[in-house]
Amino acid sequence: MLSQEMAKQPHSNIVGRTDPMLEIYELIEIVAPTRATVLIVGETGTGKELIARAIHYHSTRKDKPFIGVNCSAMPDNLWESEMFGHEKGAFTGATAMRKGRFELANNGTLFLDEVSEMSPALQVKLLRVLQEMEFERVGGTRTIKVDVRFLAAANRDLREGVREGWFREDLFYRLNVIKIQLPPLRDHKEDIAPLVDHFVAKYSRENGKAVPGISNGALEALMNYSFPGNIRELENIVERAVILTRETEITIHDLTEELSNGSGSGSEDDSCCNVKSDDLLRVLKRATISDNGGPPRLWHRTLRSVTIETIHEFLLKANKRSFSRLELAKFLSYKAKSDTNKYGTAGKYLSVLKKNHVCVHNAKKANQSRYRLSEVFLS
């Protein structure tokens, strides 16, 4: 299997054996040998560059260059020189000819990270290279042809960018040939334990410390945390713990303050105790809410269907696993934003979590429509 090969190869630090990760491995196995452009999408810290490197190193170009470009860190006035290169004397300070990233990646792979941050003017120039596979160095007249495999990554929704006008539609379709969606760490928490083992071994080796592992209490705190920074945040937490620990293993006291004080999910308003989807559904089925102080009615007879569908979608995603109040709140808040274009005013009918309540917005008066979930979210 590809996942087993990845674990053995030094250039691939991808760790994960849950179903979402196995599906990604299978997709990499299919697309890696091809020339197809791949768009890797996911929240910050989910490992988009690792996936890009895995695609490159499992392709026929694995012995050729892999050139990465952080599009958000490159100023517009330097982009052409950095990407296309320049001839000697092209501008003040150009004392010698210099090859650009496109030319350096010839016969290999060019990875465009944070491509969503490119300005509209640069998007036009990138589109031309994608279409023609040729360019001229700054100050030059000779057309240079290249054979480059393009991989791109974004932590913003490019399709939404097309609708809102900040991302070119033609460039989107050029990049979105094959799409790989990386899940946030909170959606595959079963991978936290092997990730922790991987990072403990890595930073123990780098820092010359003999730290064999992590205590059950510390691991439980990590499992209950929501990880807004995803795998990168987990890696930073483990690196810090390896460096600071004075024990034979990492304990909960070696973790960051928000983890070691028992908050678990990273918020004072969110309980460290989790709940399962079937428990939440049981309470929702008998929960009642009131319209403008009137007689209580069952929630599913009062709320609009879009709200019910949204909560059901979360329950299906949770699939009887444990989740925290904060995780539910973030999901509903995200849906409120993303569904606005699709359902018009649907956002105001979605849930916002605060302390021991989930407040369900009602069409008539939002602040009078709430039901207590302390039965399942215990403080």
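The values are calculated or read from the model by the stated rules, or taken from the named source; none is laboratory data. Treat the numbers as computed from the prediction; the structure is a model and nothing was measured. With ideal geometry, Cβ positions are generated from the backbone for all residues, glycine too; neighbour counts draw on all protein chains shown.
Annotations for the structure displayed:
- Residue match in the range 179-193 (condition: modelled with pLDDT of 95 or more, assigned by TED's automatic domain parsing to the domain that holds Pro120, in a helix (DSSP H, G or I) and under 21 Å from Phe111 (Cβ atoms)): no
- The range 152-169, residues that are part of a helix (DSSP H, G or I) and either at pLDDT 95 or above or under 19 Å from Arg53 (Cβ atoms) (or both): Glu169
- Glu249 fulfils the conditions (1) within 28 Å of Val31 (Cα to Cα); (2) modelled with pLDDT under 95 except for a single criterion, (1).
- Those residues of the range 93-109 which are part of a strand (DSSP E or B) and exposed (fewer than 15 other Cβ atoms within 10 Å of the Cβ), in sequence order: Lys99
A quick yes/no check of all residues on (1) under 23 Å from Pro183 (Cβ atoms); (2) assigned to a loop (DSSP other than H, G, I, E, B); (3) in contact with a strand residue (DSSP E or B) (Cβ under 6 Å, 6 or more places away or on another chain):
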| residue | (1), (2), (3) |
| --- | --- |
| Ala210 | no, yes, no |
| Gly217 | no, no, no |
| Tyr225 | yes, yes, no |
| Arg232 | yes, no, no |
| Glu247 | no, yes, no |
| His253 | no, no, no |
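- The range 60-79: number of residues that are surrounded by fewer than 19 Cβ atoms within 10 Å (Cβ to Cβ) and either out of contact with any Lys or Arg (no Cβ under 9 Å at 6 or more places or on another chain) or outside any strand (DSSP E or B) (or both): 13
- Here Asn207 clears all of (1) more than 23 Å from the chain's Cα centre (by Cα); (2) among the polar types (S, T, N, Q); (3) modelled with pLDDT of 90 or more; (4) crowded, with 16+ Cβ neighbours inside 10 Å except the condition numbered (4).
- Residues considered: Ala287, Ala241. Of these, the only one that is crowded, with 17+ Cβ neighbours inside 10 Å and at pLDDT below 60 is Ala287.
- Exactly one residue out of Leu112, Leu50, Leu27, Leu39 is surrounded by 15 or more Cβ atoms within 10 Å (Cβ to Cβ), within 23 Å of Leu158 (Cβ to Cβ), in the same structural domain as Ile178 (by TED's automatic domain parsing) and touching a Cys at 6+ places or on another chain (Cβ under 8 Å), and it is Leu112.
- Lone qualifier among Leu122, Leu127 - being surrounded by 13 or more Cβ atoms within 10 Å (Cβ to Cβ), touching a Phe, Trp or Tyr at 6+ places or on another chain (Cβ under 6 Å), within 25 Å of Ala52 (Cα to Cα) and touching a residue at least 24 places away in the same chain (Cβ under 8 Å): Leu122
Rundown of residues vs (1) touching a Phe, Trp or Tyr at 6+ places or on another chain (Cβ under 6 Å); (2) closer than 25 Å to Val31 by Cβ; (3) outside the structural domain of Lys62 (by TED's automatic domain parsing); (4) polar (S, T, N, Q), yes/no style:
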position	(1), (2), (3), (4)
Asn107	no, yes, no, yes
Gly140	no, no, no, no
Ala154	no, yes, no, no
Leu158	yes, yes, no, no
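- The residue pairs whose first member lies in the range 237-253 and is of a type in the set (Ser, Thr, Tyr), whose second member is part of a helix (DSSP H, G or I), and whose beta carbons are closer than 7 Å, counting only pairs six or more residues apart or on different chains, are Thr245/Asp254; Thr251/Gly217; Thr251/Ala218.
- Residue count for the range 124-146, restricted to those that are on the phi > 0 side of the Ramachandran plot and small (Gly, Ala, Ser): 1.
- Only residues that are β-branched (Val, Ile, Thr), surrounded by fewer than 20 Cβ atoms within 10 Å (Cβ to Cβ) and in contact (Cβ under 8 Å) with a residue 12 or more places away in the chain were counted in the range 159-191, giving 2.
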